[in-house]
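Peer 1: Once you've had a glance at the structure underneath, I'll fire off some questions.
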Amino acid sequence: MKKTRTIIIFLFILAHAAIGQTSNPESYKNAFAEQVQMLKGEKPINFKRAVFLTENVFYNGGLSYQEFCDSIASTGRKLKDLIKQRGLEKYKTAPNWAVYTYMMDSTALNNYKPFTYDFTDFMGDEDWSKMFVTKLMKTRSGNCNSLPTYYKILCEEIGASASLALAPNHLYIKHIDEKGQWTNVELTNAGFPRDQWIIKELGISVEAIRQGTYMSPLSPKESIALTMLNLASAYQFQHGYDAFVLKVVNTALSYYPRCIPLLMTRANYYKSICLAEAKKPKPDQAVIDKNYGHYQENMKKIDQLGYKELPAELYEEWVQSVEKEKKKRAVVATK
């Protein structure tokens, strides 16, 4: 592996170089502690709560958990009413259908305003809150982080099962269909793609599939670990890389060791230490060598998991293409 290899990659939930608005670092530690309690079984796993913790701390405690829950509960009641009105109670996937209909279709349920993809700063490079579910709930536009996350929260609110699944630079939904088979739910282009389509469109390697790096439904604990990634990324956005980022990432990796974005964040942490030391008037070569060794170890692990880089610009082109195809299908359907 060449030393010049670039690892600062714009993954959808990876940390960013710029430092944004600040909040109290201690608040991050409190949020992290509660997420750890969920993973250790000291508190029930609550995905909705874990997501809120990450977003609330970014705003320095300015959000209301009660209002967050009330809004979700209100939507949940509407979804249950929809299922009852359509006489679909006997179907196990009726809740999944209801959530998808609410988010993706133009119906009276959502005032004929389905949720849309926000193409402006969709990686959160300038404004990390673009990644948030609370932003999605307020504006009805989001990205491939907030859309599937909100879908999962709503499904769990009404007693349905929905699992997150990772792909390069991407997050989507998997759930069991009426025949007991896994089905994919893509909220970027409002569809149900086959595995082969995802593999081809996002350039997933055979090795990554074999090892379950991508396209595998995340367990409840892996989903909480993913919220920890968002916590570490939000912290880095506001405060930069420090030991807290490493602590959060290491903890999350102990529950989700195949998570490429977590490994990338850890690699970037070690690289940042090397770069900071190299800029000093009298750099300590031992510090650089030690941290560069850790960086190499992480990159080796990433390679072993079958990772293939999908540049941010190519991912944006893909998102734009599926959006155009969605609009094209809508025009044809109205003729």
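The values are calculated or read from the model by the stated rules, or taken from the named source; none is laboratory data. Remember, it's a predicted structure, so these values are computed and weren't measured experimentally. A quick note on method: Cβ atoms are made from the backbone with ideal geometry, for glycine too, and the neighbour counts reach across all protein chains shown.
Peer 1: Tell me, which helices (runs of 4 or more DSSP H) wholly within region 59-150 include 3 or more residues that are among the aromatic types (F, W, Y)?
Peer 2: Correct list: 94-104.
Peer 1: Only one of these conditions is not met by P283: (1) over 19 Å from the mean Cα position of the chain (by Cα); (2) of a type outside the set (G, A, S); (3) at pLDDT 95 or above. Which number is it?
Peer 2: (3)
Peer 1: Kindly indicate which of N143, N96 is touching a His at 6+ places or on another chain (Cβ under 9 Å), touching a residue at least 40 places away in the same chain (Cβ under 8 Å) and under 19 Å from N189 (Cβ atoms).
Peer 2: Only one candidate passes the filter, namely N96.
Peer 1: What single numbered condition from (1) touching a His at 6+ places or on another chain (Cβ under 7 Å); (2) modelled with pLDDT of 95 or more; (3) not charged (D, E, K, R) fails to hold for V57?
Peer 2: So V57 meets the others, but not (1).
Peer 1: Moving on to the next point. Name the residues in region 215-225 that are closer than 17 Å to P261 by Cβ and touching a residue at least 60 places away in the same chain (Cβ under 8 Å), would you?
Peer 2: K221, S223, I224, A225, listed by residue number.
Peer 1: Do we find that G76 is surrounded by 13 or more Cβ atoms within 10 Å (Cβ to Cβ) and under 30 Å from K247 (Cα atoms) in this structure?
Peer 2: No, not satisfied.
Peer 1: Could you please tell me which pairs satisfy a Cβ distance under 6 Å, a separation of 6+ or placement on different chains, a first residue in region 178-204 that is over 21 Å from N145 (Cβ atoms), and a second residue that is of a type in the set (S, T, Y)?
Peer 2: Final answer for the pair search is E178/T93.
Peer 1: Checking I288 against (1) touching a Cys at 6+ places or on another chain (Cβ under 6 Å); (2) not in a helix (DSSP H, G or I), which test does it fail?
Peer 2: (2)
Peer 1: Could you grab the pairs with beta carbons closer than 6 Å, sequence gap of 6+ or different chains, first residue in region 61-79 and farther than 25 Å from T93 by Cβ, second one surrounded by 14 or more Cβ atoms within 10 Å (Cβ to Cβ) and not hydroxyl-bearing (S, T, Y)?
Peer 2: Going by the 6 Å Cβ cut-off, the qualifying pairs are L63/N56; Y65/F52; F68/F52.
Peer 1: With the structure loaded, tell me whether Y100 is at pLDDT 95 or above, among the aromatic types (F, W, Y) and more than 22 Å from the chain's Cα centre (by Cα) or whether it fails that test.
Peer 2: Judged against the criteria, Y100 is not a match.
Peer 1: Consider region 203-252. How many of its residues are aliphatic (A, V, I, L, M) and more than 18 Å from A31 (Cβ to Cβ)?
Peer 2: Within region 203-252, residues that are aliphatic (A, V, I, L, M) and more than 18 Å from A31 (Cβ to Cβ) number 6.
Peer 1: Out of the residues in region 188-236 that are among the basic types (K, R) and in a helix (DSSP H, G or I), state the one that is farthest from I45 (Cα to Cα).
Peer 2: K200
Peer 1: Out of the residues in region 155-187 that are within 19 Å of I260 (Cβ to Cβ) and part of a loop (DSSP other than H, G, I, E, B), which is modelled with the lowest pLDDT?
Peer 2: N169
Peer 1: For region 231-260, which residues satisfy the criterion of being buried (at least 23 other Cβ atoms within 10 Å of the Cβ) and either small (G, A, S) or under 13 Å from the mean Cα position of the chain (by Cα) (or both)?
Peer 2: L231, A232, S233, A234, A252, C259
So that you can scan it fast, the table gives a plain yes or no per residue for (1) out of contact with any Ser or Thr (no Cβ under 7 Å at 6 or more places or on another chain); (2) crowded, with 19+ Cβ neighbours inside 10 Å; (3) within 20 Å of E156 (Cβ to Cβ):
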site: Y65; (1), (2), (3): yes, no, yes
site: C69; (1), (2), (3): yes, no, yes
site: A98; (1), (2), (3): yes, yes, yes
site: M103; (1), (2), (3): yes, yes, yes
site: T116; (1), (2), (3): no, no, no
site: D127; (1), (2), (3): yes, no, no
